[in-house]
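None of the figures in this text is laboratory data; all of them are computed from the coordinates on show. Bear in mind that the values here come from a model prediction, so they are computed numbers and not experimental data. Methodologically, a virtual Cβ is constructed for each residue, glycine included, from the backbone with ideal geometry; neighbour enumeration extends over all protein chains shown.
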Amino acid sequence: MPNTPRSDVLVVKIGGSVGVASRPGAPAPADDAAIDALVGLADGGHGLVVVHGGGPLIDRWAERLGLTTTFVRGLRVTDEGTRDLALAVLGGLANGRVVAALLARGVPAVGLTGVDGGILRAERESEDLGLVGRVTLVDSSLLEELLERGRVPIVAPAALARDDGTILNVNGDAAAGAIAASIGARLLVFVTDVPGVRAKDGRVIERLDADRARELVDDGTIEGGMLPKVEACLMAAAAGCRAAIMATAGVDAIERLLGGEQVGTVFEAAA
């Protein structure tokens, strides 16, 4: 897929648990199904930028090392030790597994972190979160160069502090939204283990705009790990990118999204 125009670039956010069962004997995680979808999209000629997380892997290694993990507003409180662990797990183990899985299926994946090439620059989110950054600048030139060469960048979330170059832990959802907005992606899609944003009665909300999303945040309907996903979708939508949160459902579901069909919860600039 050489010389892919940016207008046909898709940014896909997946987890980082490829090939890792939650417990011995358990089935492979949904992230493995996400790999199948990525392969189908790449084979279909779409330019792809993949951003992955890896929270469960970080939790597992933190437990092994005796590190305590706490969250505030859905974000991991990060001291220096936790930052180093997150960088090692996300930029090394999780990233390598995603890249290896895609290469094994013939997808020309290239592993990166947001630090490489200065892709992601951030400001410290807040004092109570420690070494956690809020992405404020994306230099997408390296990503665009790889896309033009037919490669598939696989990005682990980390960023450089804009003031002093300190490596900061950043939320993968927020990183995906910022990258999609920067490169003018055709679609930002979060492939998750839930079918979309749910109302209090459990039904999936098909469409959201910024005003309605704020109402749902204020009344507690949107909370925890869904918060950064919704915020990222709204950021991308404001930049003219279609965005969606959906369950892992294979390449066909994403192709239907590209065709304008309703899948999961969709955010659009004019929603």
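Using equal-weight Cα scatterers in the Debye expression, the normalised intensity of the chain in log10 at q = 0.07 Å⁻¹ is -0.22. Given in Å, the Rg to one decimal and the Dmax to the nearest whole number for the Cα atoms of the range 30-95 are 14.9, 45.
Residues PHE190, PHE267, PHE71 in ascending order of nearby Cβ atoms (within 10 Å, fewest first): PHE71, PHE267, PHE190. In loop segments of the range 188-271 as defined by DSSP, the trypsin sites (Lys or Arg not before Pro) with at most 12 further C-beta atoms inside 10 Å of their C-beta are LYS200, ARG203. Here the mean projected area of the convex hull built on the C-alpha positions of the range 92-212 is 9.8 nm². Each stretch of four or more DSSP H residues adds -39500 (n - 2.57); spread over every residue of the chain, this sum gives -10500 deg cm²/dmol at 222 nm.
With the convex hull drawn over the C-alpha atoms of the range 224-267, the volume per residue is 64 Å³. Rounded to the nearest 20 debye, the dipole magnitude of the chain is 400 debye, with +1 charges on Lys and Arg beta carbons, -1 on Asp and Glu beta carbons, and the Cα centre as origin. Charged neighbours of GLY114, selected by a Cβ distance under 12 Å, balance to -1 (K, R count +1; D, E count -1). Most fluctuating residue of GLY91, GLY47, GLY224 in a GNM of the chain with Cα springs under 10 Å: which is it? In the Gaussian network model the winner is GLY224.
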